[in-house]
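The values are calculated or read from the model by the stated rules, or taken from the named source; none is laboratory data. Quantities reported herein were computed from a predicted structural model and do not represent experimental measurements. Cβ sites come from the backbone with ideal geometry, for glycine too, and all protein chains shown count toward neighbours. All accessible areas refer to the heavy atoms of the entire protein, side chains included, with ligands and DNA or RNA removed. Shrake-Rupley method; radii C 1.70, N 1.55, O 1.52, S 1.80 Å.
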Amino acid sequence: MKIYIEENKDLLSLKALELVKEVVVNNPQATLGLATGSTPVKLYQLLVEDYKKNKYSYHSIKTINLDEYVGIDSSNHCSYHYYMNTHLFSHLDIQKENTNIPNGNTVDFLVECERYNTISNLYPRDLQLLGLGNNGHIGFNEPGTSFDSVTRVVDLTEATINANARFFNAIEEVPNKAITLGIKNILNAKTIVLLAYGKQKAKAVKAMIEGEISTGCPASILRTHPNVFIILDRDAAHLLNS
Ligand code: F6R
């Protein structure tokens, strides 16, 4: 696990840009595992700016998103479909059919999870981008999730619902379920890049890096992966021993 501590969110995002760009430039057919939430917004902005400036192509890049809420349509501005189109896909020459996000508005969730799991197995990610939940979750794999978990529908914890309420008009609108890749799917990636900034992430960061490897902090399992980059700002890193 390589740990980088940057001064602030902008520098942290620049470091992540370097890592993502290296993959895209060296392998124009790479598969990227993507996350949503506040954490990667700046990185996506930098990727778009860099794409416009340097014109390298995303035409044959594939993407596999980590998760999607259950019960909201892809056109809903709080859906992760909407988020990805707004922040990234609509600005690149990426082919829509090469982008993958779970369908959270399906009638048969078993079939959808099976379909998405198969895609995830067919296209192992060259790089998996992750944010970190305040409670140590990765994807929507909440504390207590088995490290062998694969794609499935999960109940979101109260902590996650509260943390994500800021994206919705009212807390009652936050879905209480999501489809997520499992921890086993995440660990299939060749390289994992986890970003975390802000004081609210500091406890989870400490548990991930210095706590025991346990399902109590899902992100702690990343310590068993051979190729992980953790990029933090000073606030997120401030409880670490060294
Ligand atoms: C999002 C995801 C989540 C977030 C995490 C942090 O696709 O899988 O694990 O990365 O909840 O969210 P933010 O970045 O909003 O603090």
_Conditions first: (1) touching a His at 6+ places or on another chain (Cβ under 7 Å); (2) outside any loop (DSSP other than H, G, I, E, B); (3) over 18 Å from residue 21 (Cα atoms). Residue 81 passes all but one, so which condition is the exception?_
(1)
_What's the total number of residues in the stretch 169-208 that are open to solvent by 20 Å² or more (accessible area, probe 1.4 Å), more than 12 Å from the ligand (Cβ to nearest atom), in a loop (DSSP other than H, G, I, E, B) and farther than 23 Å from residue 111 by Cα?_
3
*Counting only residues that are assigned to a loop (DSSP other than H, G, I, E, B) and in contact with a Ser or Thr (Cβ under 8 Å, 6 or more places away or on another chain), which one in the stretch 26-36 is least open to solvent (accessible area, probe 1.4 Å)?*
28
_I'd like the residue in the stretch 37-73 that is in contact with a strand residue (DSSP E or B) (Cβ under 8 Å, 6 or more places away or on another chain) and open to solvent by 20 Å² or more (accessible area, probe 1.4 Å) and, out of all such residues, is nearest to the ligand (Cβ to nearest atom)._
70
*Which condition number does residue 13 fail, the rest of (1) open to solvent by 30 Å² or more (accessible area, probe 1.4 Å); (2) not in a loop (DSSP other than H, G, I, E, B) being met?*
(1)
*Among the residues of the stretch 224-242, write down those that are open to solvent by 20 Å² or more (accessible area, probe 1.4 Å) and either farther than 25 Å from residue 149 by Cβ or over 17 Å from the mean Cα position of the chain (by Cα) (or both).*
224, 226, 234, 235, 238, 239, 240, 241, 242
